[in-house]
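Visitor: The following block contains the structure, expressed as C-alpha coordinates.
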Amino acid sequence: MERIDSLPAFTDAGFLPPGDFVLTVEELADSLLVRGPLDPSRYPNWDAPWRGHLVGNLAILVSQLWQVGITEIFVDGSFTEDKDHPNDIDGYFECELMRLASGDLQRELNLLDPFKIWTWDPASRRPFRNYSKKQLPMWHAYRVELYPHVGQLSGIRDRYGNELEFPSAFRQSRRDGQPRGIVKIGGRP
(Lines give C-alpha, C1' and ligand atoms only; values in the text may rest on other atoms or scores of the structure.)
Protein backbone atom coordinates (compact mmCIF):
# COMPACT_ATOMS: atom_id res chain seq x y z
CA MET A 1 0.00 0.00 0.00
CA GLU A 2 1.41 3.40 -0.98
CA ARG A 3 1.85 5.84 1.86
CA ILE A 4 0.41 9.30 1.29
CA ASP A 5 1.54 12.09 3.58
CA SER A 6 -0.23 15.29 4.56
CA LEU A 7 3.07 17.21 4.47
CA PRO A 8 5.46 17.81 1.59
CA ALA A 9 8.92 16.25 1.66
CA PHE A 10 11.78 18.01 3.42
CA THR A 11 13.80 20.49 1.39
CA ASP A 12 17.45 19.70 0.59
CA ALA A 13 18.34 21.79 3.66
CA GLY A 14 16.22 19.45 5.83
CA PHE A 15 13.26 21.76 6.52
CA LEU A 16 9.61 21.76 5.65
CA PRO A 17 9.16 24.02 2.63
CA PRO A 18 8.07 27.57 3.50
CA GLY A 19 4.42 27.85 4.45
CA ASP A 20 1.93 27.12 7.21
CA PHE A 21 0.77 23.50 7.18
CA VAL A 22 -2.46 22.96 9.11
CA LEU A 23 -2.66 19.52 10.74
CA THR A 24 -4.76 18.07 13.52
CA VAL A 25 -2.78 16.41 16.31
CA GLU A 26 -3.85 13.06 14.86
CA GLU A 27 -2.62 14.03 11.38
CA LEU A 28 0.65 15.24 12.89
CA ALA A 29 1.09 11.88 14.64
CA ASP A 30 0.62 10.12 11.29
CA SER A 31 2.79 12.51 9.26
CA LEU A 32 6.36 12.30 8.04
CA LEU A 33 7.37 14.27 11.13
CA VAL A 34 6.64 11.15 13.21
CA ARG A 35 6.60 8.19 10.84
CA GLY A 36 9.61 9.46 8.94
CA PRO A 37 10.24 10.48 5.35
CA LEU A 38 8.99 8.22 2.58
CA ASP A 39 12.51 6.95 1.85
CA PRO A 40 13.59 5.29 5.12
CA SER A 41 16.97 4.33 3.66
CA ARG A 42 17.99 8.00 3.85
CA TYR A 43 17.03 8.12 7.54
CA PRO A 44 18.03 4.77 9.09
CA ASN A 45 18.08 6.22 12.64
CA TRP A 46 14.71 7.98 12.48
CA ASP A 47 13.24 7.77 15.98
CA ALA A 48 9.52 7.43 15.26
CA PRO A 49 8.64 6.15 18.78
CA TRP A 50 10.28 9.19 20.40
CA ARG A 51 8.66 11.58 17.95
CA GLY A 52 5.30 9.92 18.61
CA HIS A 53 5.86 10.34 22.34
CA LEU A 54 6.53 14.06 21.83
CA VAL A 55 3.31 14.45 19.83
CA GLY A 56 1.41 12.66 22.59
CA ASN A 57 2.78 15.18 25.08
CA LEU A 58 1.99 18.04 22.72
CA ALA A 59 -1.59 16.75 22.51
CA ILE A 60 -1.94 17.14 26.29
CA LEU A 61 -0.81 20.78 26.18
CA VAL A 62 -2.88 21.59 23.08
CA SER A 63 -5.95 20.17 24.80
CA GLN A 64 -5.31 22.39 27.82
CA LEU A 65 -4.91 25.44 25.59
CA TRP A 66 -8.14 24.62 23.77
CA GLN A 67 -9.96 24.26 27.08
CA VAL A 68 -9.11 27.87 27.95
CA GLY A 69 -10.06 29.14 24.49
CA ILE A 70 -6.62 29.32 22.81
CA THR A 71 -6.85 28.05 19.23
CA GLU A 72 -3.93 29.58 17.32
CA ILE A 73 -1.12 27.11 18.13
CA PHE A 74 2.03 26.59 16.03
CA VAL A 75 4.90 24.10 16.36
CA ASP A 76 8.34 24.05 14.79
CA GLY A 77 11.97 23.74 15.81
CA SER A 78 14.06 20.65 15.20
CA PHE A 79 10.88 18.55 15.42
CA THR A 80 9.85 19.98 12.03
CA GLU A 81 13.25 19.25 10.51
CA ASP A 82 14.81 16.03 9.26
CA LYS A 83 16.62 15.51 12.57
CA ASP A 84 16.40 11.83 13.58
CA HIS A 85 15.91 12.48 17.31
CA PRO A 86 14.81 16.03 18.17
CA ASN A 87 15.21 17.00 21.81
CA ASP A 88 11.75 18.51 22.05
CA ILE A 89 8.93 20.34 20.32
CA ASP A 90 9.02 24.13 20.29
CA GLY A 91 6.11 26.36 19.48
CA TYR A 92 3.98 29.34 20.30
CA PHE A 93 0.35 30.26 20.68
CA GLU A 94 -1.48 33.54 20.21
CA CYS A 95 -3.26 35.07 23.18
CA GLU A 96 -4.47 38.39 24.53
CA LEU A 97 -1.90 40.60 26.26
CA MET A 98 -4.10 41.46 29.25
CA ARG A 99 -5.01 37.83 29.88
CA LEU A 100 -1.32 36.93 29.91
CA ALA A 101 -0.14 39.99 31.87
CA SER A 102 -2.82 39.57 34.55
CA GLY A 103 -1.71 36.00 35.20
CA ASP A 104 -5.23 34.74 34.44
CA LEU A 105 -4.09 32.57 31.54
CA GLN A 106 -1.33 30.94 33.58
CA ARG A 107 -3.75 30.29 36.48
CA GLU A 108 -6.40 28.79 34.19
CA LEU A 109 -3.88 26.50 32.51
CA ASN A 110 -2.30 25.37 35.79
CA LEU A 111 -5.75 24.39 37.08
CA LEU A 112 -5.81 21.87 34.20
CA ASP A 113 -2.26 20.54 34.38
CA PRO A 114 -1.33 18.02 37.11
CA PHE A 115 2.29 19.25 37.13
CA LYS A 116 1.43 23.01 37.19
CA ILE A 117 3.97 23.62 34.39
CA TRP A 118 2.49 26.73 32.81
CA THR A 119 5.01 29.50 33.47
CA TRP A 120 7.50 31.44 31.39
CA ASP A 121 9.29 33.04 34.33
CA PRO A 122 13.05 32.75 33.73
CA ALA A 123 13.49 32.02 37.46
CA SER A 124 11.51 28.79 36.99
CA ARG A 125 14.11 27.35 34.60
CA ARG A 126 16.08 24.38 35.92
CA PRO A 127 19.11 22.54 34.61
CA PHE A 128 18.85 19.15 32.93
CA ARG A 129 21.68 16.65 32.73
CA ASN A 130 24.26 17.44 30.05
CA TYR A 131 22.32 20.49 28.81
CA SER A 132 23.90 23.92 29.00
CA LYS A 133 20.54 25.71 28.75
CA LYS A 134 18.17 25.66 31.72
CA GLN A 135 14.66 24.51 30.80
CA LEU A 136 11.14 25.57 31.72
CA PRO A 137 8.95 23.28 33.87
CA MET A 138 6.83 22.32 30.82
CA TRP A 139 9.97 21.07 29.09
CA HIS A 140 10.92 18.92 32.08
CA ALA A 141 7.43 17.39 32.28
CA TYR A 142 6.57 17.13 28.57
CA ARG A 143 9.66 17.99 26.49
CA VAL A 144 7.51 20.64 24.81
CA GLU A 145 7.91 24.41 25.11
CA LEU A 146 5.01 26.57 23.97
CA TYR A 147 5.39 30.33 24.36
CA PRO A 148 2.62 32.93 24.46
CA HIS A 149 2.66 35.44 21.63
CA VAL A 150 0.99 38.81 22.08
CA GLY A 151 3.02 40.74 19.52
CA GLN A 152 6.22 40.84 21.58
CA LEU A 153 9.72 40.14 20.35
CA SER A 154 11.04 36.59 20.71
CA GLY A 155 14.68 37.10 21.63
CA ILE A 156 15.59 35.38 18.35
CA ARG A 157 17.48 37.51 15.86
CA ASP A 158 17.66 37.36 12.09
CA ARG A 159 20.98 37.19 10.28
CA TYR A 160 21.18 41.01 10.36
CA GLY A 161 20.77 41.17 14.15
CA ASN A 162 17.15 42.34 14.18
CA GLU A 163 15.00 40.80 16.91
CA LEU A 164 11.97 38.99 15.52
CA GLU A 165 8.43 38.31 16.72
CA PHE A 166 7.57 34.61 17.12
CA PRO A 167 5.74 34.27 13.78
CA SER A 168 8.78 35.48 11.86
CA ALA A 169 11.36 33.78 14.06
CA PHE A 170 9.69 30.39 13.85
CA ARG A 171 9.45 30.51 10.06
CA GLN A 172 13.18 30.66 9.46
CA SER A 173 16.18 28.54 10.30
CA ARG A 174 18.23 29.74 13.24
CA ARG A 175 21.34 28.42 11.50
CA ASP A 176 21.18 30.55 8.38
CA GLY A 177 17.87 32.47 8.28
CA GLN A 178 16.57 30.30 5.46
CA PRO A 179 12.75 30.29 5.24
CA ARG A 180 11.04 27.12 6.43
CA GLY A 181 7.60 25.75 7.06
CA ILE A 182 5.70 25.55 10.31
CA VAL A 183 2.82 23.40 11.52
CA LYS A 184 -0.37 25.02 12.72
CA ILE A 185 -2.46 22.77 14.94
CA GLY A 186 -5.96 22.58 13.55
CA GLY A 187 -9.15 20.92 14.68
CA ARG A 188 -10.47 20.52 18.19
CA PRO A 189 -10.59 17.55 20.53
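Visitor: For segment 81-95, name all the residues that are part of a strand (DSSP E or B) and either touching a residue at least 60 places away in the same chain (Cβ under 8 Å) or buried (at least 19 other Cβ atoms within 10 Å of the Cβ) (or both).
Guide: 81, 89, 90, 91, 92, 93
Visitor: Can I ask one more? I'm trying to understand the selection: among the residues of segment 173-189, which are outside any strand (DSSP E or B), at pLDDT below 90 and more than 14 Å from residue 22 (Cα to Cα)?
Guide: Filtering segment 173-189 for residues outside any strand (DSSP E or B) gives 173-178, 180, 186-189.
Right, trim to at pLDDT below 90 and you get 173-178, 187-189.
Of everything in segment 173-189, those that are outside any strand (DSSP E or B), at pLDDT below 90 and more than 14 Å from residue 22 (Cα to Cα) turn out to be 173, 174, 175, 176, 177, 178, 189.
Visitor: Something else about it: For residues that are surrounded by 19 or more Cβ atoms within 10 Å (Cβ to Cβ) and in a loop (DSSP other than H, G, I, E, B), tally how many sit in segment 8-30.
Guide: The total comes to 2.
Visitor: Looking only at residues in segment 107-127 that are under 23 Å from residue 184 (Cβ atoms) and not β-branched (Val, Ile, Thr), which one is surrounded by the most Cβ atoms within 10 Å (Cβ to Cβ)?
Guide: Ranking the qualifying residues of segment 107-127, first place goes to 118.
Visitor: Criterion first (in contact with a Pro (Cβ under 9 Å, 6 or more places away or on another chain), of a type outside the set (A, V, I, L, M), within 28 Å of residue 141 (Cβ to Cβ) and loosely packed, with under 14 Cβ neighbours inside 10 Å) does residue 78 satisfy it?
Guide: So residue 78 does not fit the description; no.
Visitor: Pick from segment 132-150 the residues that are in contact with a helix residue (DSSP H, G or I) (Cβ under 7 Å, 6 or more places away or on another chain) and of a type in the set (Ser, Thr, Tyr): which of them is farthest from residue 59 (Cα to Cα)?
Guide: Only one residue tops the list, namely 147.
Visitor: Still on this structure: Can you tell me which residues in segment 151-172 are surrounded by fewer than 15 Cβ atoms within 10 Å (Cβ to Cβ) and part of a loop (DSSP other than H, G, I, E, B)?
Guide: 151, 152, 158, 159, 160, 161, 162
Visitor: Let me ask another. Kindly list, by first and then second residue, each pair from a residue in segment 127-151 that is of a type in the set (S, T, N, Q) to a residue that is outside any loop (DSSP other than H, G, I, E, B), limited to pairs with Cβ atoms under 9 Å and residues at least 6 apart or on different chains.
Guide: Short answer, once both residue conditions are applied: 135/126; 135/145.
Visitor: Given (1) in contact (Cβ under 8 Å) with a residue 24 or more places away in the chain; (2) touching a helix residue (DSSP H, G or I) at 6+ places or on another chain (Cβ under 7 Å); (3) over 19 Å from residue 186 (Cβ atoms); (4) in a loop (DSSP other than H, G, I, E, B), identify the lone condition not met by residue 5.
Guide: (3)
The values are calculated or read from the model by the stated rules, or taken from the named source; none is laboratory data. Values in this document were obtained by computation on a predicted structure and should not be read as measured data. Virtual Cβ from ideal backbone geometry, glycine too; neighbours counted across all protein chains shown.
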